[in-house]
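Below is one structure, written out as structure tokens, with a few remarks after it.
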Amino acid sequence: MEKISLIIPLRLTAGTFEGEARLRRICATVPRDLYEIVISDYGTDEAFAGPLCGLEAEGIRVVRHPSPAAIFSIGQSRDYGVQMARGRVVMFNDIDFSGTVEMYRQIHAEVERRDIATNLFDFFCVPVLFLTEEGTGRWRSRLSTGQLFLDAVTLESLERDDPGIQFTAFGSSAMVVNRHHYLSLGGHDTRFSGHGGEDYDLLHRLSALAPKGPRPNDYLRDYRDNGVRSYWGFRPFFALYGLDAFIRGLYLVHLWHPRRPEKGYFRPRSNFRHLRKLMAGFEKRGTMPLPLADLQAKDKWIVLVRNRRDLETVRQLLPLAREYEVVKCRAIPDARELANLAKRGRASAILICPEVGGTMSERQVEGADVFRFGKAAGEDRIQVSVAGRSEPARAGHFTIRSTRAVSLFRYWRQLDLGSLGSVDSGRIPSPEALDSVIFSSFGGASLLDRKLHPRPVPKKKSSLWVRFKRTLTGY
């Protein structure tokens, strides 16, 4: 069976609660026949790196970010783990997440059932139960005796007044997603600082391209409610991607830990302000980060573009490269300039996008293949000509648009670029009908009826004193 790459993003410090024990528990629990474990280390100091070296000696992959920032960035740590992963499907598992061997096997079975390895747009979230200190003790006790933590995997069991469970995140950061698709979306926005909101930005883009159903009322607002009874704001929409997994019995738990005393790590106010801007920008203009390169690939590319539309034409292809350089130009350079570009950039391929003017006229460049993209006969078709070869390749090229008709993402059907690789987006999941069980807790067919389901009162922010203390201490 094909392995999932399980990414554990971390930075071990003196303040990492039970760091080595929790990390070893994950590595001992996750079935090695179904998963490749990738510990993505974002700047662990040498003084605290002993556990990582020990696990590395035992055969666990540890990849170290080459340029970590002073403040731990869980988003950039995840991104680097994905870039270094070897599987076609990735899953995020924070150091405080815990599950059973059987649960990880069921998650793998769900990936196989959906065929996420070939259906690039499909993804889901594994719901995460955030436990109290008491609940963490109960989880460990039941785990040691082979008992199930939940007597019944139902919403009602979660909504009981249980002192062991703080809340459940259905649209959690434990995302299971196609690796190539993740890279093409650019992963997390690097302007988030520390932790807070970065996963919602990614879920916003992933869900916009494969919606489960209609968006909630007042979608772009955060009502700070992780429950599944009120269909207002973006959180319940993201919860849909965990609800269908929960219905199949899938969940992890988040073990309790004291607040991390890392100055600047927890930045909810500034990060959520940034989140609102990013979500609105994607809605209005399709703005998102540049694609991430595949650090397991071999080649570097030079990409000639004239405008943003050109870049979006090849966005889904760029993760086939180990590195790429985007060069803006209005017309195709002559053969000598192309050769200089390739030599200076040490590139093995030059991609010329459709809006760049001029004709290629069989120009060949020593040491690099030249690919010319252009419109083909027929709607939604692109042809790719290669200098020195007779027959151009042709493939379907389609656009996903927002409700405002804004171009959000352009994708390929069965494009084979020979030595550069190939892309086929597979099947895009259809929205669920409103009588689906994932909508039942929100009111089913009436979930958008504002009279039956009036606007909720947003949950209160932290007290002024707590916010003032965070400003002073940084955590």
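Each value in this text was obtained by applying a stated rule to the coordinates, not by laboratory testing. None of the values given here were measured: they were computed from a predicted structure. Cβ: placed from backbone, ideal geometry, glycine included. Neighbour counts: every protein chain shown.
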For segment 216-326, alpha-carbon Rg relative to the globular expectation (2.2 N^0.38 Å, N residues): 1.47
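For segment 4-285, give me the percentage of DSSP beta bridges that are antiparallel, rounded to the nearest 5 percent.
Working: 12 of 31 bridges.
Percent antiparallel among DSSP bridges in segment 4-285 is about 40.
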Degrees separating the helix 19-29 axis from the principal Cα axis of the chain, which is the longest one: 80
Cα gyration tensor shape of segment 300-423, rounded if a/c is under 1.5, else prolate or oblate by comparing a/b with b/c: prolate
Segment 4-285: proportion of alpha-carbon pairs further apart than 35 angstrom, %: 11
Cα long-axis angle, helix 335-345 against the chain (0 to 90 degrees, to the nearest 10): 30
Structure-derived mean projected area of the Cα convex hull in nm² - corresponding label in [x] 24.5; [y] 37.5; [z] 25.9: [x]
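Restricting things to Cα coordinates, could you compute the convex hull volume per residue of segment 1-79 in Å³? Don't skip to the end; give the middle numbers.
Values: hull volume 7.3 nm³, N = 79.
Per residue, the Cα convex hull of segment 1-79 comes to 93 Å³.
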Distance (nanometres) between label positions extended 7 Å along Cα→Cβ at R24 and D424: 4.6
Average Cα contact separation per residue, the chain, under 8 Å, 6 or more apart, as relative contact order %: 15
Crossing angle, helix 101-114 versus the chain [Cα axis fit, 0-90 degrees, rounded to tens]: 40
